[in-house]
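Worksheet: one structure, shown below.
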Amino acid sequence: MRLVEQWNAIERGLDPRWKDARLVLTIADDAQRRRALALLAPAGPGRTGKTIRIETTRSGTGVGPEAIRRMLRRIDDEGIRGTLELVSSTEAPTAPAIPRASAAAAWDAELARLPADWSDLLCELELTSSDHIERGALLLAPLNPIQGTGGPGFRFRCAHTFGYGAAPGMVRRCLERLDAEPIPAVVRIVRALSDTHPVATQGPVWYLGGRPV
């Protein structure tokens with residue numbers, strides 16, 4: 001089994017509240033073990049005999065699980081085989097339940113503030129963690145999301161009736177997918193135009209900071 005698949009299985013078996021996980025990777029071949037150590041360098045691995053020790057955390061102060069997944073995938077891509085095992089894990093203390101804002105509901109609220117004749121929107125969606133970028137990009141794919149908000153998140157365009165951009169209903173369906181994961185996100189409208197009539201073009205060109213987006 002590939003190392004990334006072993007990590008996926010370990011992660012699924014962790015307590016939903018897990019905070020830190022300590023792992024040991026066993027690789028029999030010396031040359032492959034040295035190469036794996038180099039590929040795992042960003043995680044600060046330790047070595048004992050034929051084993052490599054790594055740690056991942058969801059606290060935001062260390063190497064996150066998605067970063068570990070990417071490093072293991074690189075090791076797999078080089079044909080290095082090994083066994084990944086969980087040594088121990090810790091759970092985050094239970095926090096009081098706080099209702100999480102729905103991205104889809106926030107989108108409804110943003111649209112409700114617009115004039116009835118709005119035609120084109122430039123929007124931003126902010127994620128709470130860079131660990132959610134890859135999954136978020138997949139769930140938002142129909143919106144043609146573009147990174148570049150200055151943090152973990154995306155920009156996308158929305159068109160009311162025609163032109164370049166996703167329909168508002170499609171935007172809401174994609175945000176519902178984020179809510180269902182759940183992936184916390186904040187959505188906002190950055191620019192809005194009303195009653196535009198593009199001629200020989202699919203829509204307006206937006207500028208932020210003097211640059212087209």
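The values are calculated or read from the model by the stated rules, or taken from the named source; none is laboratory data. Predicted, not measured: the structure shown is a model, and the values here were computed from it. Every residue, glycine as well, gets a Cβ built from its backbone with ideal geometry; the counts of neighbours run over all protein chains shown. Note: accessible area is taken over every heavy atom of the protein model, side chains too, but ligands, DNA and RNA are not part of it. Shrake-Rupley method; radii C 1.70, N 1.55, O 1.52, S 1.80 Å.
For region 53-83, the set of residues classified as over 22 Å from residue 183 (Cβ atoms) and either small (Gly, Ala, Ser) or touching a Ser or Thr at 6+ places or on another chain (Cβ under 8 Å) (or both) consists of 79, 82, 83, listed by residue number. Given the condition at pLDDT below 95 and in a loop (DSSP other than H, G, I, E, B), answer yes or no: does some residue in region 84-93 qualify? Yes, region 84-93 has at least one match. The set of residues from region 10-19 being open to solvent by less than 50 Å² (accessible area, probe 1.4 Å) and part of a helix (DSSP H, G or I) comprises 10, 11.
Annotation: residue 130 fulfils all but one of (1) at pLDDT below 95; (2) in contact with a strand residue (DSSP E or B) (Cβ under 9 Å, 6 or more places away or on another chain); (3) not basic (Lys, Arg); the unmet one is (2).
Out of curiosity, is residue 72 modelled with pLDDT of 95 or more, part of a strand (DSSP E or B), of a type outside the set (Ser, Thr, Tyr) and out of contact with any His (no Cβ under 9 Å at 6 or more places or on another chain)?
Numbers: modelled with pLDDT of 95 or more: yes; part of a strand (DSSP E or B): no; of a type outside the set (Ser, Thr, Tyr): yes; out of contact with any His (no Cβ under 9 Å at 6 or more places or on another chain): yes.
Judged against the criteria, residue 72 is not a match.
Here the condition is being open to solvent by less than 80 Å² (accessible area, probe 1.4 Å), within 30 Å of residue 204 (Cβ to Cβ) and in contact (Cβ under 8 Å) with a residue 60 or more places away in the chain; of 120, 76, it holds for 120 alone.
If the condition is being assigned to a strand (DSSP E or B) and modelled with pLDDT under 85, then region 181-213 contributes 207, 208, 211, 212. Residues that are of a type outside the set (Ser, Thr, Tyr), in a loop (DSSP other than H, G, I, E, B) and farther than 15 Å from residue 119 by Cα were ranked within region 131-180; the one that is most open to solvent (accessible area, probe 1.4 Å) is 147.
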